[in-house]
Amino acid sequence: MKFLKPHGSATINDVKFSPLNSHLLVTSGSDGYFKVWDSRDCGYKSIMSGHGSDNELNCATFNNVNPNLLAVAGEESGLIGVWDLRMP
């Protein structure tokens with residue numbers, strides 16, 4: 001069995017599945033990045049990655065109404081980042 005390290009040696013702080021696209025999930029890590037994954041691709045490569053913080057990101061979630069939006073948060077400044085999957 002092959003184990004993946006989607007955030008390298010960083011800790012994954014949160015994983016959420018999209019409520020509107022059952023094949024998408026998002027992870028947020030202590031490396032300050034979030035990554036969007038397509039489960040149909042067996043999770044070997046993220047379809048989108050973003051640098052959300054110079055510190056760590058503690059949570060991420062998809063929008064319950066718009067399937068293209070997700071939010072990441074949990075960095076020290078208290079900012080919440082909103083990302084559009086159509087504009088990586």
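Annotation: LEU69 fulfils all but one of (1) in contact (Cβ under 8 Å) with a residue 40 or more places away in the chain; (2) closer than 17 Å to LEU79 by Cα; the unmet one is (1).
The numbered conditions (1) under 15 Å from ARG86 (Cα atoms); (2) surrounded by 13 or more Cβ atoms within 10 Å (Cβ to Cβ); (3) not basic (Lys, Arg) are all true for TYR33 except (1). Regarding SER28, is this residue open to solvent by 40 Å² or more (accessible area, probe 1.4 Å), of a type in the set (S, T, N, Q) and either part of a strand (DSSP E or B) or under 24 Å from SER9 (Cβ atoms) (or both)? Criteria not met by SER28. Taking the stretch 42-54, which residues are in a loop (DSSP other than H, G, I, E, B) and aliphatic (A, V, I, L, M)? If the condition is that a residue be in a loop (DSSP other than H, G, I, E, B) and aliphatic (A, V, I, L, M), then ILE47 is the only one that fits. Taken over the stretch 11-25, the criterion of being surrounded by fewer than 17 Cβ atoms within 10 Å (Cβ to Cβ) and in a loop (DSSP other than H, G, I, E, B) is satisfied by THR11, PRO19, LEU20, ASN21, SER22, HIS23.
Residues that are under 19 Å from SER22 (Cβ atoms) and in contact with an Asp or Glu (Cβ under 9 Å, 6 or more places away or on another chain) within the stretch 67-88 comprise ASN68, LEU69, LEU70, listed in sequence order. Selection of first residues in the stretch 8-21 that are over 16 Å from SER49 (Cβ atoms) and of second residues that are of a type in the set (S, T, N, Q), restricted to Cβ pairs under 6 Å at least 6 apart or on distinct chains, gives the following pairs, ordered by first then second residue: THR11/SER30; PRO19/ASN64.
Taking each residue of the stretch 36-54 that is closer than 16 Å to ASN21 by Cα and open to solvent by 30 Å² or more (accessible area, probe 1.4 Å) and looking for partners that are modelled with pLDDT under 85 and outside any loop (DSSP other than H, G, I, E, B) with beta-carbon atoms closer than 9 Å, six or more apart or interchain, yields ILE47/ASP41. When HIS7 is tested against (1) within 21 Å of MET87 (Cβ to Cβ); (2) within 12 Å of the chain's Cα centre (by Cα); (3) open to solvent by less than 40 Å² (accessible area, probe 1.4 Å), exactly one condition is not met: (1). Taken over the stretch 55-88, residues that are loosely packed, with under 13 Cβ neighbours inside 10 Å and in a loop (DSSP other than H, G, I, E, B) amount to 10.
The values are calculated or read from the model by the stated rules, or taken from the named source; none is laboratory data. Note that the structure is predicted; figures quoted are calculated from it, not measured. Using ideal geometry, Cβ is built from the backbone for each residue, glycine included, and neighbour counts are taken over all protein chains shown. For the accessible areas, the whole protein counts, side chains as well, though only heavy atoms, and no ligand, DNA or RNA atoms are used. Shrake-Rupley method; radii C 1.70, N 1.55, O 1.52, S 1.80 Å.
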